[in-house]
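Novice: One structure, pasted below without further comment.
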Amino acid sequence: MSDQSAPLQRPYGLAYEQMLEKVRYDGAYPTREKAEEAVRLVLAGLGRQLTGDERVELAARLPFEAARILTAQIPDTQALTGWAFVKDLAARTGATLATTRWDTGSVLCVVAALAGPDLLTRILQQLPSGYALLFGRAELTQAA
């Protein structure tokens, strides 16, 4: 006889599961665990770079578990360019730059879709150069 009052235990919310599956599919990861490793790494790194209203608004648009990873990080005092961001993540994991760049793009393209175009534009305006391509956008520069 089963206890009908006991809630089903799920380690993650459905929205987070869907986010992981999207990253897994888009990044061609062999397992959900590999996709989750990439999500945790990249969101933690982004949490160290993003501040202010954009950080708060992005966290509100992410699944709870993803928002918790982002907001658990204390922002760094030194902002990293997009390339320095990838190099920092690679150094933290010991992965190659190519693998880390792939992971970063796979995760941030999904984050971009969750953020929406207006918030993403504001995020890119806050971050140093080099992040647009990581988020799947063209890097536009002002003419002199």
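Novice: Quick one: length gained pulling Asp76 to Thr121 fully straight, 0.36 nm per residue minus the C-alpha distance?
Specialist: My answer for the length gained is 14.1 nm.
Novice: Which sequence of Ser129, Ser106 reflects their accessible areas, 1.4 Å probe, from the largest down?
Specialist: Ser129, Ser106
Novice: To the nearest 10 degrees, how steep is helix 82-93 against the longest Cα principal axis of the chain, on a 0 to 90 scale?
Specialist: 50
Novice: Here's a follow-up. To the nearest 10 square angstrom, what accessible area does Asp53 show with a 1.4 Å probe?
Specialist: So the heavy atoms of Asp53 present about 110 Å² to solvent.
Novice: For Thr121, Thr93, what's the largest-to-smallest order of accessible area, 1.4 Å probe?
Specialist: The ranking, largest first, comes out as Thr93, Thr121.
Novice: Sticking with this one: What Kirkwood radius, in Å to one decimal, follows from the Cα pairs of the chain?
Specialist: About 15.9 Å for the chain.
The values are calculated or read from the model by the stated rules, or taken from the named source; none is laboratory data. Nothing here was measured: the structure is a model prediction, and the numbers come from that model. The protein model used for the area step is the full one, side chains on, heavy atoms only, and it has no ligands, DNA or RNA in it. Shrake-Rupley method; radii C 1.70, N 1.55, O 1.52, S 1.80 Å.
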